[in-house]
Structures are given as structure tokens and as C-alpha cells.
Amino acid sequence: MEYLLIIISAIFVNNIVLAQFLGICPFLGVSNKLSTASGMSLAVCFVITFATVVTYLINQYLLEPFGLTFLQTIAFILVIAALVQMVEIVLKKVSPSLYQALGIFLPLITTNCAVLGVAINVVTKEFTFGGEAHMLNLGEAAVYAFATSLGYGLAMVLFAGIREHLAGNDVPKAFKGLPIALVSVGIMALAFLGFSGIV
Amino acid sequence: MANKLSLITKGLLKENPTFVLVLGMCPTLATTTSAMNGLEMGLATMFVLILSNIVISLIAPVVPDKVHIPVYIVVIATFVTVLQLLMQAFTPDVYKTLGLFIPLIVVNCIILGRAEAFANKNGVLDSALDGIGIGLGFTLSLTVIGIVREILGSGAIFGWKFISGDGILAFVMAPGAFLVLGYLMVLFNKIAKK
């Protein structure tokens, strides 16, 4: 039951893009086409889940016992950069077709603040899912990270669909490009506000 | 001299990081719930930007090309950690309000962007000035967005309430951030591109 609450909360109520403002740059950058948007979501989904589990373990067994939590930021970003590199190498060997499909998006994920944001959030923030506030355990952290990245994918794919329609419309000159995209995201976020209070 | 001055002023309009370069969107949208928050976030980013620009311009000639991105990221992350510790010690309230977005300065593309586009091929003084200029531009845009959102959302400006009542709550919440930034960008396009 609690896992279900985590999933619903992470995907709809606290959507990472529309409510938490993480990962906006790639969200605006690659949502021009549906195909690239889904490729990017897939890569991000993979890295967020993986990175959160690894950084969670590093924090618990390395940084905390030695009183080094102030090094969190540096340690996490290095882990994420290394992880992205590793995923790239493994994918290249194991599944060249997926590697081809993700292409340039893989290296870009290092600087996607959604990855670092989720990793830092799960080790520093207390969460309330139905029950009382508590720090997440490893299983909850993994589910939370996975659900969050699904929310990222959902927002990305929905928005790419909207943007493909926008491209064919006659938009006033000053609104062309990003401004109209931002206004559309605003309306989308307004719609997602409707989910607040469910969990 | 005029040349040096233009390094500082270009960030305000011509190369404004928010409205022209469109970088660092996450903190721009997330922390501008009020004018004060926007101002503080801008200053925090400027602190890291200036210091990392200085150090990167110094070490750039000796860093091998293949590993330059990881090296730059470590330099930036170091200054972010310094900033975190300083803020926890001297301005704990501000640190708490800005929360997650202080450590996330590491992945703010403005900082890595300036390192790549400017600091690694210019001298120390020029890089420092570039950091000040872009930092000021970022601070200015964040403060402006914060002012607009604060007026619409809570009828106040820098905490000084001049309209009684609650204001339009949506502008303090997520949708307002996107809408205000979108419309300010339209305004900027209208004025700057005439």
C-alpha cells in the first residue's frame, strides 16, 4: 500500500518537472519531437533509478559512518558522472541499437539536475506517504526514484505531443519558440495541480 | 577600459543568461517565489560562478583536454560545498528556504557553460569580470521574476504588503513560475529585438 502511495505521489502529485522544477533544461531542450522525448525519458529513467540506489548506499555506508556528509555534493556528482559513463560503455556493448537510439542524450544526463536532485532528496529529506514523516529505506528510495523518473517521462511525452501541435500553429512572433512552450507548460502544471491532495 | 566594462554589462541584456541564453532554468523557476528568494539565489550562484571562473581560467592550460569536463565539475562542486558550509554557518534561514537548489548549483548549466565558453580561453581578470557580469544578469532576472510573482501571488514586494488579501495563489505555486517566465520572455523579445 505504501509503495502504491509513493508511486502515485511521485508521478502525479509531486511531478518532478511540473511541481519540483527539476530537469527543466532537457525537458525544454529535447521535447521538440515525440521520438527524441521518449528516448531521453528512457535514458533518464535508467540513470535516476540506478544513481539513486548507488548514492544511497554510498551515503549510508561510506559518508555517514565517517562523518563526511558535507562531501555529499561532490561525491554524488562524481558517482553520477562515472555511472553515466559506465552505462554508456555497457549499453554500447550489450545493446548497440538502444545505444544508437539514445545517442547524445546519454552524456547529457550528467548535468540533468533531476538526477542529482532526486539523489540528494532521498538522503536528506523526510517523506510522508500516508503515515508519519520518516527517512526512506533503500527499497522505498528505489521505488521513489523509479516512480519519479516515470513522472519525468510522462511529463516529457505529454509535452512533446503538445509541442508537435504547436509547431504547426500560427503563433505571434514574440511568442515563437520558448515563450509559447513555457506558457503551455504553465497550463499543464495548472492541470497537474488538480492532483494535489490525493496523497 | 570600455572593453572591461562591457564584460560586466553584457550579462545584463545582450547575453542575459535567463532571457537570451536560456540557461539555468531550474533555479530560475523554483526559487523565484518572492523577490527576496530570487535575489538570494542569484547572489549564491554568482558567488560560485566568479570563483569557478577564476580557478578554471588559471588551471585550463594544464588540464588535459580529455578529462576537462570532470575536472571542471569537481572545481565547481568544491565551491558549491564551500558555499553550503558558509550558508549553513551564517545564513541558516536562507539556506533552508533555498534548500535543494543550493547543492544543485553544481549542475547549473550557466556555470559549466561559462567555463567552457569563456573562462578556459581567457585571462583571470577577464574571467572574473565575466563571472560578475553574467552573475549580475542572472541575479537581476531572478529578482524581476520574483518581484512579479510576489506582487501577483501575495500582493507584496520584498515582503512589504501593499494589497490586502491573499493574492492569486497559483502564481506562488508551480504554474505561475512557468507562466510569468513565459510572458516576461515575450516582453523581453518585444523590447530587445526592436
Quiz item: Of the numbered conditions (1) surrounded by fewer than 20 Cβ atoms within 10 Å (Cβ to Cβ); (2) at pLDDT 95 or above, B:Pro61 satisfies every one except a single condition; which is it?
Solution: (2)
Quiz item: Which pairs do you get when a residue that is among the basic types (Lys, Arg), found in the stretch B:168-193, comes within reach of a residue that is part of a helix (DSSP H, G or I), reach meaning Cβ atoms under 7 angstrom, with the pair 6+ apart or on two chains?
Solution: B:Lys190/A:Ala174
Practice problem: State whether the residues of the stretch A:167-176 include one that is outside any helix (DSSP H, G or I), aliphatic (A, V, I, L, M) and either out of contact with any Gly (no Cβ under 8 Å at 6 or more places or on another chain) or within 14 Å of A:Ser9 (Cβ to Cβ) (or both). | Solution: yes
Quiz item: If you take the residues of the stretch B:22-40 that are of a type in the set (A, V, I, L, M) and within 12 Å of chain A (Cβ to nearest Cβ), which of them is surrounded by the most Cβ atoms within 10 Å (Cβ to Cβ)?
Solution: B:Leu29
Quiz item: If you take just the helices (runs of 4 or more DSSP H) that sit entirely in the stretch B:91-194, which of them hold at least 3 residues that are within 14 Å of another protein chain (Cβ to nearest Cβ) and within 22 Å of B:Thr81 (Cβ to Cβ)?
Solution: B:92-98, B:109-117
Self-check item: Cβ-Cβ under 6 Å pairs, at least 6 apart or on other chains, the stretch A:18-44 side on the phi < 0 side of the Ramachandran plot, far side of a type in the set (S, T, N, Q) and in a helix (DSSP H, G or I)
Solution: A:Val30/A:Thr36; A:Val44/A:Ser149
Practice problem: Could you check, for the stretch B:154-172, whether at least one of its residues is under 19 Å from the mean Cα position of the chain (by Cα) and modelled with pLDDT of 90 or more? | Solution: no
Self-check item: Matching residues in the stretch A:135-153 - criterion: being open to solvent by 40 Å² or more (accessible area, probe 1.4 Å) and in contact with a Ser or Thr (Cβ under 8 Å, 6 or more places away or on another chain)
Solution: A:Phe146
Practice problem: Could you look through the stretch A:95-123, keep only residues that are part of a loop (DSSP other than H, G, I, E, B) and more than 9 Å from chain B (Cβ to nearest Cβ), and pick out the one that is farthest from the chain's Cα centre (by Cα)? | Solution: A:Ser95
Practice problem: Name, by its number, the condition in (1) within 22 Å of A:Glu140 (Cβ to Cβ); (2) modelled with pLDDT under 90; (3) open to solvent by less than 60 Å² (accessible area, probe 1.4 Å); (4) among the hydrophobic types (A, V, I, L, M, F, W, C) that does not hold for A:Val53. | Solution: (2)
Quiz item: Any idea which residue in the stretch A:65-89 is nearest to the other protein chains (Cβ to nearest Cβ), counting only those that are open to solvent by 80 Å² or more (accessible area, probe 1.4 Å) and either β-branched (Val, Ile, Thr) or over 22 Å from the mean Cα position of the chain (by Cα) (or both)?
Solution: A:Phe70
Quiz item: If you go through the stretch A:2-30 one residue at a time, how many are more than 12 Å from the chain's Cα centre (by Cα) and more than 10 Å from chain B (Cβ to nearest Cβ)?
Solution: 11
Quiz item: Can you pull out the residues in the stretch A:18-56 that are within 22 Å of B:Leu181 (Cβ to Cβ) and touching a Gly at 6+ places or on another chain (Cβ under 6 Å)?
Solution: A:Leu22
Practice problem: Quick one: B:Thr78 ticks every box in (1) within 11 Å of chain A (Cβ to nearest Cβ); (2) over 15 Å from B:Val48 (Cβ atoms); (3) β-branched (Val, Ile, Thr) except a single one, so which number is it? | Solution: (2)
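The values are calculated or read from the model by the stated rules, or taken from the named source; none is laboratory data. Please read these numbers as outputs of a predicted model, since none were measured by experiment. Don't worry about glycine lacking a Cβ; one is built from the backbone with ideal geometry, like all the others, and counts go over all protein chains shown. The accessibility values were calculated without ligands, DNA or RNA, using every heavy atom of the protein model including side chains. Shrake-Rupley method; radii C 1.70, N 1.55, O 1.52, S 1.80 Å.
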